[in-house]
């Protein structure tokens, strides 16, 4: 398998906070990216936050109106939307 990026093996990302931050904001993050993660304590601690924040980003992109229609467009209410509980 080819992967796009992974940081959990690098010393500076071997804690929950820094790993979560770089995984969510990597310059290599794009649609279809394959993220490499190893079976390590710090990765296990960060994985839940990484997945939740990716989910929030996905919902925000999916349901955000284009800038030109911001004033006239309303977003659909979705029960599982973590941005609008």
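Scan the range 1-23 for residues that are in a helix (DSSP H, G or I) and surrounded by 15 or more Cβ atoms within 10 Å (Cβ to Cβ) and the total you get is 8.
Is it the case that the range 50-65 has a residue that's at pLDDT below 75, surrounded by 10 or more Cβ atoms within 10 Å (Cβ to Cβ) and part of a loop (DSSP other than H, G, I, E, B)? Taking every residue of the range 50-65 in turn, at least one turns out to be at pLDDT below 75, surrounded by 10 or more Cβ atoms within 10 Å (Cβ to Cβ) and part of a loop (DSSP other than H, G, I, E, B).
The values are calculated or read from the model by the stated rules, or taken from the named source; none is laboratory data. Because the structure is a prediction, the values reported are computed rather than measured. Using ideal geometry, Cβ is built from the backbone for each residue, glycine included, and neighbour counts are taken over all protein chains shown.
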